[in-house]
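Take a look at the structure set out below.
The values are calculated or read from the model by the stated rules, or taken from the named source; none is laboratory data. Just so we're clear, the structure is a prediction, and the values are computed from it rather than from any experiment. Cβ atoms come from the backbone with ideal geometry, glycine included; neighbour counts cover every protein chain shown. Note: accessible area is taken over every heavy atom of the protein model, side chains too, but ligands, DNA and RNA are not part of it. Shrake-Rupley method; radii C 1.70, N 1.55, O 1.52, S 1.80 Å.
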Amino acid sequence: QRSNIAMFFPCSFAIFVASFLPVGSFDLADTDSVCDDTEISLRQLRARQLTNTTEGTDGACGGLEDPRNADCAEQVQWAFEKGLKQHPGWYFVPLGTISRTGPSDAKIGDLQRIFFCGRAGKTRCGLPPCTCTSPPCNVCEAPELAPKLSKAFTRIKRFDFTGDAKKEFDVVQIPDQNMTHSCSNYVDDGSTVFTKDGKLVVKVSSACPDGTCLNSGRAMSRDAFTYGVFTFSAKVPKCNSVWPALWLLPENSKGDGKYGPWPCSGEIDLLETVNDDSHGAFNLVAGFGSRGGCYDPAAVTCNACAPPSYCTSTTLADAEASHLMVEDVNCAAGETSWKEHLFVLLWQRDEISAFVDPTLSYNQAGQLISIQEKLRQGSATFKTYKRPTTPTWSAVQDYMNKCFPGRHAADAPFDIPMKIVLNIAVGGYGGAPCFWGEKTCADSCGAAVGSELIISDISVWQ
């Protein structure tokens, strides 16, 4: 739900919308002619059957000559000899998250390891390598532990939802035509963003007269914040091809910031969800100027993400890992909204986390002292991105060091003030039945009119 993910690069937009497609519904190999190395390749979005656990065997390891690796040997050899050179983007994320190395430094054992873990190619290796850059070589992904608060957090802001919504928020007027290509035409006429009964409401209010768009709401907080805990109590609309989001963006709807316009100054998506999905996606977006290559430090240029040559770096490159379970809905039975849930963002230096329905604890002074994740068998309810182990985040460091020496923190671009954004897009995602400028906005997605994102509380703690 980023501000203009499709404005300059069709491939960036394809990466994003493909992350919502069902497994097997989209052949990522078909994007090779569209997505070159100026973008993160869509192959990184190949559907995986992953669990956030440590995988391995009975301790055995073996090289590609071992019969138990016969099915993957040819693919690994090709990846090492040609794939890394021709398509480094295919291997960038799995090498970074599992092997702790990059395409330019990877050894053949590092390639075998990501094939063993099911993060590359169509066939897993039967055995892990015996040598690799970051042993133990049979470990894929360790169990993720929820972060703990290092101090007591004091509430510095509780948004006021009494009276005019514009006391706290700017109501954005902009068509989605050149952003996510959804049907939403964001307007400020009092019908799309307003307060009611002490709550903030963002609404899809009506169809445009010609049926090629739907009037909807998009609000951006007047205040900006850097780091802290952000809590949202929200009833999120579902079904009818809606695409609501709770997110953060620097300065304005164009994502302008200290390091340049979007995506150079970053974006944090606490929650975005589409249609009848039971989950939401938690995503970080960054970017850097480039002369045309996204995996060669020498190609980095200080053009502040000026089009047409920049690189978009998003954690949606590993889309499944971004999913957090919220609630099942039955659209056919008229269940067009989730119940109210608590969504929490913990934004710290070098580490950004999201939670769904955690338990919050306070001390006698009313300070927030604990965020306890909700336990749900088989479904993730929290996710943490750490800069050192999130390659799409750390990928921007060459740009920062070259273009902003001494003027950025190690966790840039996520070291600058950001504003809260709330909106409802309709359609525009992969598999949606409607897109901007088409009659399908009213004909196929018109039932989205009346959908409401209802916020009962937003608080910021630091």
Query raised in the report: To one decimal place, what orientation-averaged projected area in nm² is obtained for the convex hull of the Cα set of the chain?
Result: 22.2
Query - Extension reserve of the Asn401-Glu74 stretch, reckoned as 0.36 nm per residue once the Cα distance is removed - result: 113.8 nm
Report summary line: Sparse-neighbourhood loop hits (trypsin sites (Lys or Arg not before Pro), the range 401-462; DSSP loop; Cβ within 10 Å at most 12 others) -> Arg407, Lys439
**Report entry** Debye, to nearest 20: dipole size of the range 167-315, +1 on Lys, Arg Cβ, -1 on Asp, Glu Cβ
**Finding:** 180
Requested in this report: Let me know the charge dipole size of the chain about its Cα centre in debye, to the nearest 20, where only the beta-carbon of Lys, Arg (+1) and Asp, Glu (-1) is charged.
Outcome: 1020
Report task. Sort out for me the Cα centre separation of the range 363-394 from the range 162-233, rounded to whole Å. Result -> 27
Query - Alpha-carbon centroids, the range 81-116 and the range 294-345: separation in whole Å - result: 23
Query raised in the report: Lys166 to Leu145: FRET efficiency via 1/(1 + (r/R0)^6), r the Cβ-Cβ distance, R0 35 Å, to the nearest 0.05?
Result: 0.25
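How large is the helix-only mean residue ellipticity at 222 nm for the chain, computed as the sum of -39500 (n - 2.57) over DSSP H runs with n ≥ 4, divided by its residue count, in deg cm²/dmol to the nearest 500?
Taking each H run of at least 4 residues, the total per residue is -2500 deg cm²/dmol.
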Requested in this report: May I ask you to give the solvent-accessible area per residue for the chain, in square angstrom, as obtained with a 1.4 angstrom probe?
Outcome: 39
Query raised in the report: Round to a whole number: what % of the accessible area of the chain belongs to carbon and sulfur, probe 1.4 Å?
Result: 50
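So, by mean Cβ neighbours within 10 angstrom, what's the order for 351-357, 128-134 with the highest one leading?
Put in order of decreasing packing, that is 351-357, 128-134.
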Query raised in the report: By average Cβ neighbour count within 10 Å, what is the ranking of 100-110, 333-343 from highest down?
Result: 100-110, 333-343
Report task. Treating only the Cβ atoms of Lys and Arg (+1) and Asp and Glu (-1) as charged, compute the dipole magnitude of the range 306-399 about its Cα centre; round to the nearest 20 debye. Result -> 240
Query raised in the report: Nearest-5 percent of antiparallel DSSP beta bridges in the chain?
Result: 95
Query raised in the report: Just going by the charge dipole of the chain, with Lys and Arg at +1 and Asp and Glu at -1 on Cβ, which of Asn215, Ile455, Thr336 is farthest out on the positive end?
Result: Ile455
